[in-house]
Amino acid sequence: MKNILFVLTSNAEMGSTGNKTGFWVEEFAAPYYKLTDKGYNVTLASPKGGQPPIDPNSDTEDAATEATKRFDKDEATQKKLANTLKLDTVDQKDFDAVFYPGGHGLLWDLVEDKTSKDLIESFNSNGKPISFVCHAPAILKNIKGTDGKPLVNGKNVTGFTNGEEEAVQLTDVVPFLIEDMLKENGGNYSKVGDWQPYALEDGLLITGQNPASSEKVAELLIKKLQ
């Protein structure tokens, strides 16, 4: 059985706005069920451990999907989520791949988290897939490849677009725009229309554009692990 590590944000604050954020439920639930239904074992971790904050905007009827509805009735997975491991207690040696769900929360913790950075670089240098969806590609800002250059340099990547950030009216709130950062770090950034499913695989790196892309990221990860 393959073991997959999911890393979620521990940050519930939207910068200094006073608004709440966290991880986006669909981006956790859809890949989680895709992988567990295929027989993969998924372990959950976060910087602080325990219950990671759910972005309240992702937990509404408007944002509901088949996967989030399933999660809402799934007490076992809810309990598992409430007891995530502390990130500094996990070791890439115990896993076959890592996946980062998105949501705005991670922009203020996981992007600068040294434990997370070292973990991703360790997965990559050991030839294991690393996958990110929506806002999670922001975490690649400080990640280096084995050549010492930005990991995304020369790689085909995607992530939450400038247009999508503008649509949710957070362009001036977020610390940086993911699309701009990926381009500045030398990534071959591409995208499709706002809110449309889109995911890319380049070597060990898998990225998805937005919440609608979370299943596609999981599907690419499953193919990579087979």
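The values are calculated or read from the model by the stated rules, or taken from the named source; none is laboratory data. Remember, predicted model here, so these are calculated numbers, not experimental data. Cβ coordinates were reconstructed from backbone atoms using ideal geometry, including for glycine residues, and neighbour counts include every protein chain displayed. Accessible surface is based on the protein model in full, side chains and every heavy atom, while ligands, DNA and RNA are left aside. Shrake-Rupley method; radii C 1.70, N 1.55, O 1.52, S 1.80 Å.
Which three lengths, in whole Å and largest first, does the chain cover when its Cα atoms are put on their principal axes?
Largest first, the chain extends 43, 41, 30 Å along its Cα principal axes.
Within 12 Å, Cβ to Cβ, of A30, how many net charges do the neighbouring residues add up to if Lys/Arg are +1 and Asp/Glu are -1?
Around A30, the charge tally is -2.
Could you do me a favour and compute the accessible area per residue for the chain, 1.4 Å probe, result in Å²? Each step should come with its number before you reach the end.
Numbers: 9770 Å² over 226 residues.
In whole numbers, the chain has 43 Å² accessible per residue.
Could you compute the net charge surrounding L204? Neighbours are other residues with a C-beta less than 11 Å from the C-beta of L204; K and R count +1, D and E count -1.
Taking every other residue near L204 into account, the sum is +1.
Carbon-plus-sulfur fraction of the accessible area of the chain, 1.4 Å probe, in percent?
Taking all protein chains in place, the chain shows 44 percent carbon and sulfur surface.
Enumerate the calculated ³J(HN,Hα) couplings along segment 46-55 in order (Karplus 6.51 cos²θ - 1.76 cosθ + 1.60, θ = phi - 60°), each rounded to whole Hz, writing x wherever the residue is Gly or Pro.
7, x, 9, x, x, 6, x, x, 8, 4
Round to the nearest 0.05 the FRET efficiency obtained for K224 and K93 when R0 = 22 Å and r is the Cβ-Cβ distance.
0.75
Taking the highest mean first, how do the peptides 83-91, 172-180, 41-49 order by number of other beta carbon atoms within 10 angstrom per residue?
Top to bottom by mean Cβ count within 10 Å: 41-49, 172-180, 83-91.
Could you work out the relative contact order of segment 55-144? I mean the mean sequence separation of Cα pairs under 8 Å and 6+ apart, divided by the number of residues, in percent.
Relative contact order for segment 55-144 comes out at 30 percent.
Please give the residues of segment 49-73, grouped as numeric ranges, whose backbone N is less than 16 Å from a label point set 7 Å along the Cα-to-Cβ vector of W195.
Within reach of a label on W195, which here means backbone N under 16 Å from a point 7 Å along Cα→Cβ, segment 49-73 contributes 57-66.
Picking from Q226, S58, F71, whose Cα lies most toward the positive end of the charge dipole for the chain (charges on Cβ: Lys, Arg +1; Asp, Glu -1)?
About the Cα centre, the residue reaching furthest to the positive side is Q226.
Within the set K114/K141; K2/K48; K34/K223; K34/K73; K48/K149; K117/K223, which residue pairs have Cα atoms separated by over 19 Å?
K2/K48; K48/K149; K117/K223
Can you give the local net charge around L221? Use residues other than it whose beta-carbon is closer than 12 angstrom to its beta-carbon, Lys and Arg +1, Asp and Glu -1. Don't jump to the answer; show the numbers that get you there.
On the way: positive: K2, K34, K38, K128, K216, K223, K224; negative: D96, E201, E215, E219.
Taking every other residue near L221 into account, the sum is +3.
Per residue and in Å³, how big is the convex hull formed by the alpha-carbon atoms of segment 1-107? Could the numbers behind the result be given before it?
Values: hull volume 9.9 nm³, N = 107.
Spelled out: Cα convex hull of segment 1-107, divided by residues, is 93 Å³.
Sequence-distant or interchain residues sharing an amide H contact under 5 Å with N156, placed H: which?
Here N188 satisfy the definition.
For segment 72-120, divide the Cα radius of gyration by the Kirkwood radius and give the resulting Rg/Rh value with two decimals. Before the final figure, lay out each step's value.
Working: Rg = 12.7 Å, Rh = 12.7 Å.
Using Cα coordinates only, the ratio equals 1.00.
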